[in-house]
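The values are calculated or read from the model by the stated rules, or taken from the named source; none is laboratory data. In this text the structure is predicted, and so the values were computed from the model without any measurement. Note that we place each Cβ from the backbone using ideal geometry, even for glycine, and neighbour counts take in every protein chain shown. SASA here: full protein model, heavy atoms, side chains in, ligands and nucleic acids out. Shrake-Rupley method; radii C 1.70, N 1.55, O 1.52, S 1.80 Å.
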Amino acid sequence: MAFDIVLGQYHHAESIVHRLDPRIKITLMLILFVAAFLANSFFALLVLLLLDIVIIALSKVRPKTVVKAVAPLAFLLIFPLFFNLFFISEGTSLFSWGAILITDHGAYQAGFMTLRLFILFLTATLLTLTTSTIMLGDGISAMLRPFVRFGLPAYEISMMVSIALRFLPTLFEDFDHIRKAQMARGAVISQGGPIKRVKLLLPLLVPLFAQSLRHAEELAVAMESRCYHGGTNRTHYRVFSVGRADVIAIAICTSILILMIVWL
Amino acid sequence: MSLIFDKVSYTYSSHEGDVNALSDVSFTLENGELLGVIGHTGSGKSTLLQLMCGLLTPSAGSVVLDGENLSDKKVRQNLFTKVGIAFQYPEQQLFSKTIADDIAFAPRNAKLSEHEVGLRVREAMKIMRLDYENYAAKSPFELSGGEMRRVALAGVMAAKPQLLILDEPTAGLDPSGRYELTTIIDDYHKAGTTTVLVSHSMDNIARLSDKVLVLKDGHTAFYGTPAEVFSHSEVLREMNLGVPQATTFAADLMDLGLPLPADLLTIDALADAIAALFHEQKAEVKHGF
């Protein structure tokens with residue numbers, strides 16, 4: 001419908017990125033995360049950005065879709081940008097007006113932190129865009145399996161992640177539905193001070209919670225009626241196997257990580 | 001309240017390119033009439049309804065309500081006091097601690113006096129056959145599905161809309177709940193409210209509507225009086241929409257050679273026609289001897 005949510009959603013395409021083993025893809029994401037945190041120069045971050053762009057090109061997901069998927073997270077970028085830009089006072093002054101002081105060091109930090117955060121978002125988005133929730137769930141569960149003996153509820157965690165991703169669009173749809181119904185009864189969504197604003201949100205939030213509980217109840221009944229009982233003794237329809245593409249992908253990403261540690 | 005759709009189209013963009021949810025739809029609904037809307041999921045019904053109540057504005061063409069164009073932002077302000085809409089499963093919009101508070105939501109948003117709000121709540125509950133003494137102070141979340149539905153609809157009617165839009169108001173109810181709600185809607189419409197009704201029940205559409213609009217893939221498949229629309233029974237069946245039971249039954253009888261009129265839409269009309277035929281034949285038999 002008119003409400004188009006891409007955040008955390010899977011986009012099907014026939015591509016080498018889609019075909020990679022989900023365990024490998026999760027590992028790749030983690031490697032790239034570590035690389036992004038270790039990177040301490042703009043050049044290093046640009047290398048990672050370039051790598052993400054190559055992955056997008058290989059995945060055959062339309063660039064517009066990628067932009068739409070990352071866009072809802074953009075507001076989170078405002079905080080590092082703002083704090084670094086205005087609250088770092090070391091370095092030479094570039095601009096000052098009253099209490100506002102922007103220094104070259106602050107501007108550099110602002111740009112650097114924002115780019116780093118953006119790369120993290122983009123990398124995580126690429127994983128969810130190219131991996132279906134079932135594959136992702138199975139992948140997480142397979143990767144956590146060794147930790148079951150230490151008491152980690154691996155199956156439950158992977159089930160929770162898959163359910164959360166599965167119900168994200170449903171939640172947005174419900175919200176849109178409720179918002180329209182209340183607007184048709186003359187609801188004003190944003191007006192007045194903070195307390196009044198919260199009060200105005202109640203007609204939206206109460207039905208949204210009620211509806212979410214209803215979904216949860218229905219899902220629980222559906223799972224129980226099919227005898228779902230967690231992970232013990234559960235076998236999988238899909239057996240993962242690491243192929244040549246997987247090895248190459250891991251090799252490329254690991255070498256980039258090592259390069260980053262050694263030279264950059 | 002009269003409602004005119006003039007060559008209305010609605011396009012939205014998704015990640016798969018532009019989508020035409022509605023193309024070139026025109027109809028006129030006079031004051032006090034009831035428009036029945038039929039169509040499958042994705043036929044553009046939901047878009048059509050949202051255009052009627054100003055939640056969406058047309059990409060092309062115009063939606064005119066009592067001479068006022070809804071593309072004008074000023075006209076859309078406070079439109080909720082004139083146009084009431086109940087979407088599918090309206091009970092999902094309930095949020096207040098008490099039923100009376102929930103029904104009072106729209107009148108309070110219209111900034112009516114508390115006295116007037118109280119009157120509106122009582123009136124709306126009476127229309128929806130909810131006993132005030134019994135229900136007013138209860139929580140809407142303690143009710144059965146059918147009762148919740150009626151509370152939600154009372155919440156729409158409390159704004160005293162001159163145009164009432166109902167999207168499958170009886171979906172998910174048991175037969176007695178469906179029957180009761182249909183009766184309430186029929187009575188309310190006959191008391192003078194212009195109504196738009198989306199329904200999957202061809203029997204109800206045929207019985208209640210003055211005009212019928214059939215949508216298919218965002219286009220008008222058929223538009224006219226119920227008799228005109230249901231005369232295309234073959235095409236409607238091909239579209240998996242079907243025709244009223246009475247019409248199907250009449251067609252079967254006609255195949256057996258009974259000379260029935262062509263536009264029988266309701267069970268009452270069919271019964272009358274069969275009775276008339278019976279009397280005619282009896283008279284013929286008498287004359288014959």
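Here's a check for you: in the range A:216-264, which residue that is among the β-branched types (Val, Ile, Thr) and in a loop (DSSP other than H, G, I, E, B) is farthest from residue A:171 (Cα to Cα)? If you could, list the steps in order and put the result at the bottom.
The first filter runs over the range A:216-264 and keeps only residues among the β-branched types (Val, Ile, Thr), leaving A:221, A:232, A:235, A:239, A:242, A:247-248, A:250, A:252, A:254, A:256, A:258, A:261-262.
Now restrict to residues that are in a loop (DSSP other than H, G, I, E, B): A:232, A:235, A:239, A:242.
Values: A:232: 30, A:235: 30, A:239: 31, A:242: 35 Å.
The extreme case among them is A:242.
Restricting attention to the range B:81-99, the residues being within 9 Å of another protein chain (Cβ to nearest Cβ), out of contact with any strand residue (DSSP E or B) (no Cβ under 7 Å at 6 or more places or on another chain) and surrounded by fewer than 19 Cβ atoms within 10 Å (Cβ to Cβ) number 1. Restricting attention to the range B:56-80, the residues being surrounded by 21 or more Cβ atoms within 10 Å (Cβ to Cβ) and part of a loop (DSSP other than H, G, I, E, B) number 3.
For the range B:191-218, how many residues meet the condition of being of a type in the set (D, E, K, R) and farther than 25 Å from residue B:250 by Cα? Give the steps one after another, and end with the answer.
Applying the first criterion (of a type in the set (D, E, K, R)) to the range B:191-218 yields B:203, B:207, B:210-211, B:216-217.
Checking the rest, the ones that are also farther than 25 Å from residue B:250 by Cα come to B:216-217.
Here the count works out to 2.
When residues in the range B:137-158 are screened for being open to solvent by 10 Å² or more (accessible area, probe 1.4 Å), assigned to a loop (DSSP other than H, G, I, E, B) and farther than 23 Å from residue B:200 by Cβ, 4 of them pass. Check off (1) more than 21 Å from residue A:145 (Cβ to Cβ); (2) loosely packed, with under 12 Cβ neighbours inside 10 Å; (3) small (Gly, Ala, Ser) for residue A:249 and give me the number that stays unchecked. Evaluating residue A:249 over (1) more than 21 Å from residue A:145 (Cβ to Cβ); (2) loosely packed, with under 12 Cβ neighbours inside 10 Å; (3) small (Gly, Ala, Ser) leaves (2) as the failure. Cβ separations smaller than 9 Å between residues 6+ apart or across chains give the following pairs from the range A:55-80 residues that are more than 14 Å from every other protein chain (Cβ to nearest Cβ) to residues that are modelled with pLDDT of 85 or more and outside any helix (DSSP H, G or I): A:58/A:15; A:59/A:15.
In summary, residue A:121 fulfils each of the numbered conditions (1) without any contact (Cβ under 8 Å) to a residue 60 or more places away in the chain; (2) of a type outside the set (S, T, N, Q); (3) within 14 Å of chain B (Cβ to nearest Cβ); (4) surrounded by 16 or more Cβ atoms within 10 Å (Cβ to Cβ) with the single exception of condition (3). Of the residues making up the range B:10-41, those that are part of a strand (DSSP E or B) and within 14 Å of chain A (Cβ to nearest Cβ) number 11.
Yes/no per residue for (1) assigned to a loop (DSSP other than H, G, I, E, B); (2) in contact (Cβ under 8 Å) with a residue 12 or more places away in the chain:
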{"position": "B:206", "(1), (2)": "no, yes"}
{"position": "B:214", "(1), (2)": "no, yes"}
{"position": "B:223", "(1), (2)": "no, yes"}
{"position": "B:253", "(1), (2)": "no, yes"}
{"position": "B:258", "(1), (2)": "yes, yes"}
{"position": "B:268", "(1), (2)": "no, no"}
{"position": "B:274", "(1), (2)": "no, yes"}
{"position": "B:277", "(1), (2)": "no, yes"}
{"position": "B:286", "(1), (2)": "no, no"}
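Checking B:230, B:249 one by one, the residue that is among the hydrophobic types (A, V, I, L, M, F, W, C) and touching an Asp or Glu at 6+ places or on another chain (Cβ under 8 Å) is B:230 and no other. Residue pairs whose Cβ atoms lie under 6 Å apart, separated by 6 or more positions or on different chains, with the first residue in the range B:42-61 and within 12 Å of chain A (Cβ to nearest Cβ) and the second in a loop (DSSP other than H, G, I, E, B) and of a type in the set (A, V, I, L, M, F, W, C), are B:50/B:56; B:53/A:184; B:54/B:70.
Checked against (1) in a helix (DSSP H, G or I); (2) at pLDDT below 85; (3) out of contact with any Phe, Trp or Tyr (no Cβ under 9 Å at 6 or more places or on another chain), residue A:34 passes all but a single condition, namely (2).
Taken over the range A:10-65, the criterion of being open to solvent by 50 Å² or more (accessible area, probe 1.4 Å) and of a type in the set (A, V, I, L, M) is satisfied by A:16, A:30, A:34, A:38, A:46, A:50, A:53, A:54, A:57, A:58. Evaluation of residue B:102 against the conditions (1) in contact with a Pro (Cβ under 9 Å, 6 or more places away or on another chain); (2) surrounded by fewer than 16 Cβ atoms within 10 Å (Cβ to Cβ); (3) closer than 15 Å to residue B:159 by Cα shows that the sole unmet condition is (2).
Scan the range B:155-190 residue by residue and report those that are closer than 24 Å to residue B:115 by Cβ and of a type in the set (D, E, K, R). Lay out the reasoning, then the answer.
To start, the set of residues in the range B:155-190 that are closer than 24 Å to residue B:115 by Cβ comprises B:155-162, B:188.
Scanning the range B:155-190 gives a single hit, B:160.
Among the residues of the range A:66-79, is any loosely packed, with under 13 Cβ neighbours inside 10 Å, more than 16 Å from the chain's Cα centre (by Cα) and closer than 22 Å to residue A:124 by Cβ? Yes, the conditions are met somewhere in the range A:66-79.
Which of the following residues is open to solvent by 80 Å² or more (accessible area, probe 1.4 Å) and touching a strand residue (DSSP E or B) at 6+ places or on another chain (Cβ under 7 Å): A:92, A:103? Break it down stepwise before answering.
Working: A:103 fails: open to solvent by 80 Å² or more (accessible area, probe 1.4 Å).
Just a single option satisfies the conditions, and that option is A:92.
When every residue of the range B:165-182 is checked against the conditions, at least one turns out to be at pLDDT 95 or above, aliphatic (A, V, I, L, M) and not in a helix (DSSP H, G or I).
Can you confirm whether residue B:130 is open to solvent by less than 80 Å² (accessible area, probe 1.4 Å) and closer than 27 Å to residue B:202 by Cβ? It is false that residue B:130 is open to solvent by less than 80 Å² (accessible area, probe 1.4 Å) and closer than 27 Å to residue B:202 by Cβ.
Name the residues in the range A:172-192 that are part of a helix (DSSP H, G or I) and either within 13 Å of another protein chain (Cβ to nearest Cβ) or open to solvent by less than 50 Å² (accessible area, probe 1.4 Å) (or both), would you? First the steps, then the outcome.
Filtering the range A:172-192 down to residues part of a helix (DSSP H, G or I) leaves A:172-183.
Matches in the range A:172-192: A:173, A:174, A:175, A:176, A:177, A:178, A:179, A:180, A:181, A:182, A:183.
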